[in-house]
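This report concerns only the one structure given below.
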Amino acid sequence: MAGTWNAKAYAAASPTSSMASTTISRRYPTEHDVQIEILFCGICHSDLHTVRDEWKSVFPTIYPCVPGHEIVGRVTAVGSAVTAFKAGDLAAVGCMVDSDRTCSECQAGLEQFCPNMTLTYNSPDKHIGGITRGGYSEGIVVDQRFVLRVPTALDPAGAAPLLCAGITTYSPLRHWGVTKGKKVGIVGLGGLGHMAVKIAHALGAHVVVFTTSPGKKEDALRLGADEVVISRHSNEMKKQTGSFDFILDAVSADHDVNAYLQLLRRDGTMTLVGAPEKPLAVPAFSLIFGRRSLSGSPIGGIPETQEMLDFCGTHNITADVEVIPIQKVNEAYDRLLKSDVKYRFSIDMASLKSA
Ligand SMILES: NC(=O)c1ccc[n+]([C@@H]2O[C@H](COP(=O)([O-])OP(=O)(O)OC[C@H]3O[C@@H](n4cnc5c(N)ncnc54)[C@H](OP(=O)(O)O)[C@@H]3O)[C@@H](O)[C@H]2O)c1
Ligand SMILES: [Zn+2]
Ligand SMILES: [Zn+2]
């Protein structure tokens, strides 16, 4: 076992407890590792699902849980074999910190499908035992193959959410060929949804936002939407019937997917990135008529994550963030449940020093 050092962090002790200040072990960098002082970490709704053990049937949470997988920081040390990074560089870490590198998925740069992939938090930690701990922490040590480069022109607080919300929306938009001339729906204007709007707009598509929050209409247009539909208004929904090439569903809670399947044109695809706790009801005829497809998509591989960061650098895309100190994380979770965030919380990790 490698030696370890103590890092300040915020952790949840159980599904019902608030997150609180704690100390965790991090390994010293081995020869391929990059040690990063975390500057900002975004709050993803997956952090909340995990902390509250809402995915226990597929992915039970082991406590204490330190979430956080939208990490931007400064390199403080590198192992002897590290060539791509040096102390002082801006660097980022997303949802994965390792994989087996040998399977066909890894060979294809699709590490998100590797059967032996290690998530940034709540996965077995191969180096020091126990489970991996995420970015609500002062520092992290990660193999260089899973460390990304952040375009220096991007604001680091706003760039952090690209590491999950950015890649999770960029990957399916690209995979399903979203481009100029395509009509694309984005369901749910939260952290993922607002990134999807910016990216789909930059890809040249005609973008329609579906929101339950009438107050987000102006924002949706500013973020790059061409149209906004209040999804609770059935007459507005009906007007969109049979017209979409692609719909990306980024909703975190139980909702009616059938209402959106009807909006796909022949051979259209609706892809779930939102992962609500409860199973969704899908009527067979909504897929049969129109030969429609319903699919899902997890995050994105390391090469595509770098491609997305570079794309965002070129198009000057970052998340719209509300920067908060770590002491406000519990309040932020409550607000996330009320869809009250414009449009991503980004934790200023300097606040951990006084925790
Ligand atoms: N597939 C993946 O790899 C992956 C990666 C990251 C996250 N996720 C999942 O994606 C989901 C979204 O994450 P996020 O961080 O973007 O969450 P978020 O910021 O909380 O946004 C979720 C949005 O869903 C809408 N919504 C919430 N409750 C709703 C309800 N009851 N009915 C209809 N719409 C509702 C709201 O948008 P409006 O106010 O506009 O209606 C809300 O802003 C989560 O389930 C998360 O775990 C999946
Ligand atoms: Zn996430
Ligand atoms: Zn693999």
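What follows draws every value from the coordinates through simple rules; no lab data is involved. All values reported here derive from a predicted model rather than from experimental measurement. Every residue, glycine among them, receives a Cβ derived from its backbone with ideal geometry; neighbour counts consider all protein chains shown.
In a reduced charge model with +1 at each Lys and Arg Cβ and -1 at each Asp and Glu Cβ, region 201-329 shows a dipole moment near 520 debye about its Cα centre. Computed over the chain with a Gaussian network model linking Cα atoms closer than 10 Å, the most mobile of Phe244, Phe59, Phe146 is Phe59.
Once backbone amide H atoms are built at 1.01 Å from N, Gly274 has Asp249, Ala250, Val251 as its partners under 5 Å, excluding neighbours fewer than 5 places away on the same chain. Its DSSP H runs of at least 4 residues, each contributing -39,500 (n - 2.57), put the calculated 222 nm mean residue ellipticity of the chain at -6000 deg cm²/dmol, to the nearest 500. A simple rule links phi to the HN-Hα coupling: the Karplus curve 6.51 cos²θ - 1.76 cosθ + 1.60 with θ = phi - 60°, which for region 204-212 gives x, 6, 8, 10, 10, 9, 10, 9, 8 Hz, with x for Gly and Pro.
Less than 5 angstrom separates the built amide H of Phe85 from none of the residues sequence-distant by 5 or more or on a different chain. Taking all Cα pairs closer than 8 Å and separated by 6 or more residues, the relative contact order of region 42-164 comes to 31 percent.
Residue by residue, region 304-312 carries 3J(HN,Hα) couplings of 6, 5, 5, 4, 5, 4, 5, 4, 5 Hz when phi is fed to the Karplus relation 6.51 cos²θ - 1.76 cosθ + 1.60 (θ = phi - 60°); x denotes Gly or Pro.
Computed packing ranks the peptides 208-217, 278-287 as 208-217, 278-287, most packed first, by mean other Cβ atoms within 10 Å. Summary of the geometry: region 177-253 and region 45-82, compared by the centres of their Cα atoms, lie 29 Å apart. Quick one: net charge around Ala355, please, counting Lys, Arg +1 and Asp, Glu -1 for every other residue with C-beta under 14 Å from its C-beta. Counting the neighbours of Ala355, the net charge comes to +1. Close amide H pairs (under 5 Å, H built 1.01 Å from N) link Gly139 with Ile38, residues at least 5 positions away or on another chain.
The overall shape of region 274-355 is oblate: from the C-alpha gyration tensor, with semi-axes ordered a ≥ b ≥ c, the ratio a/c is 1.5 or greater and a/b is no larger than b/c. Of Gly177, Gly68, Gly185, the residue with the greatest mean-square motion in the GNM of the chain, using alpha carbon springs below 10 Å, is Gly177.
Along region 141-156 the Karplus relation, 6.51 cos²θ - 1.76 cosθ + 1.60 evaluated at θ = phi - 60°, assigns HN-Hα couplings of 10, 9, 4, 4, 5, 10, 9, 9, 9, 9, x, 5, 6, 7, 5, x Hz to successive residues, with x for each Gly and Pro.
GNM remark for the chain: springs join alpha carbons under 10 Å apart, and the peak mean-square fluctuation among Thr318, Thr120, Thr76 falls on Thr76. By DSSP, the beta bridges lying fully in the chain are antiparallel in about 55 percent of cases. Shown is the FRET efficiency for Arg74 and Gln107, computed with R0 = 35 Å from the Cβ-Cβ distance and rounded to the nearest 0.05: 0.65.
How much net charge surrounds Ala7 when only the other residues with a Cβ under 13 Å from the Cβ of Ala7 are counted, with Lys and Arg +1 and Asp and Glu -1? Here the charged neighbours net out to +3.
One quarter of the surface of the convex hull around the alpha-carbon atoms of the chain equals 16.9 nm², the direction-averaged projected area. The Rg/Rh ratio of region 213-355, with both radii computed over alpha carbons and Rh defined as the Kirkwood radius, is 1.01.
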